[in-house]
1. Evaluate E = 1/(1 + (r/R0)^6) for residue 213 and residue 79, where r is the Cβ-Cβ distance and R0 equals 35 Å; express this FRET efficiency to the nearest 0.05.
2. How high is the relative contact order of the chain, given as a whole-number percent (alpha carbon pairs under 8 Å, six or more residues apart)?
3. Test of understanding: ordering 62, 287 by Cβ neighbours within 10 Å, fewest first, what list do you get?
4. Fewest to most neighbouring Cβ within 10 Å: what's the order for 226, 313?
5. Simple spin-label model, 7 Å along Cα-to-Cβ: residue 115 to residue 62 in nm?
6. Suppose R0 equals 35 Å; then what is the FRET efficiency for residue 2 and residue 108 from their Cβ-Cβ distance, rounded to the nearest 0.05?
7. Would you mind computing, in nm to one decimal, how far apart the modelled labels at residue 297 and residue 137 are, each placed 7 Å from Cα along Cα→Cβ?
8. Would you kindly state how much longer the chain becomes between residue 325 and residue 161 on full extension, computed as 0.36 nm times their sequence separation minus their alpha carbon distance, in nm to one decimal?
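Read the figures in this text as sums done on the coordinates, not as results from a lab. This structure is a prediction, so every number in the text was calculated from the model and none was measured. Virtual Cβ from ideal backbone geometry, glycine too; neighbours counted across all protein chains shown.
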Ligand code: HEM
């Protein structure tokens, strides 16, 4: 394979998740970033341009013209997830985004807090008397999924089954048949809901988005189906990692746990700092346009070249964040971390996600005030593309 000119090359395939377990990825990214803001690495054995500095990662997010967000999804994950905001550009994107955004605005989030609290307490009820728990399987993996299921008012109450099928949905590149079967399950479940709620809307998210209108446009049934399927990877898989990364930081740095316990006023900033410190969507795969070559910042990109936006590296760029490797509970952010992306495709659910994580933390500290990492166990955050802890064994 010919090397990409003008940037250094490293033998490192981001599709190999175990690399995020065996090396300190933060340290590796910092070493690369100090030498060059862009490197050639690999993704699924193909050349990929890794963007590392805050400046280039934010510039790439902003440059929807040359590096549209949709390219990576087409022909891959979109086969099972369908087309939605992330797979459109221009006015098709703008209109769908405007229709979908109202229930996720910051001002609406307080109306969901009671539901979030309820879900967090239900889950904690199941293990609060035990004196110990494994919070990844017993809490973080279940909490955002259950919230999204309730916000959509889905009839399936089998969380484990929903989680399994939601997981299959996004594995199109690895198991296309499984992904399409999961899609069929979701379509079958959601079809009668759309019909019923078109006729008689409730307060659930499906009702809200099917009756939402922007410039005279509405979502059709297909859009609405895709909306529901998209929420599982977009809202549940990401938020569960975020919850895990926050807990990992608090459990491994006892002074942070003390700060969280004693100073509820800094918890909101702590959640944002945790998402900067270890971003759930750490190294976001993108692709340059399939129909043309692009020269971007002196680098020639053949059509369909993989890009990796290293949110993880940008969020620890010392040019923007002082003492980037320290978790500072009341950090004053000079610039927004890139945790939720930037520009056109900026995460629609960022306020919802932060509120869920904050509410989950409040509930855990209220119910298990002396929570601590179980002796001899690891709460390490791992992974290359998405990052989170594999386990969080705690005692209380
Ligand atoms: C901690 C949790 C979350 C993280 C780290 C996260 C991260 C991101 C990132 C990095 C992007 C940009 C992707 C790109 O530019 O290609 C994005 C987009 C998006 N996110 Fe999130 N997200 C989270 C939670 C949520 C939640 C709770 C929702 C629920 C509505 C959501 C819905 C979306 C949607 C719909 C998009 C696509 C927006 C567009 O294409 O215009 N996310 N998210």
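1. 0.75
2. Details: 633 pairs, mean separation 103.1, N = 396.
26 percent.
3. Numbers: 62 12, 287 24.
In increasing order of surrounding Cβ atoms, one gets 62, 287.
4. 226, 313
5. 3.6
6. On the way: r = 50 Å, r/R0 = 1.43.
Efficiency at R0 = 35 Å is approximately 0.10.
7. Those two pseudo-labels are separated by 4.2 nm.
8. Numbers: separation 164, 0.36 × 164 = 59.04 nm, distance 3.83 nm.
Contour length minus the Cα-Cα distance gives 55.2 nm.
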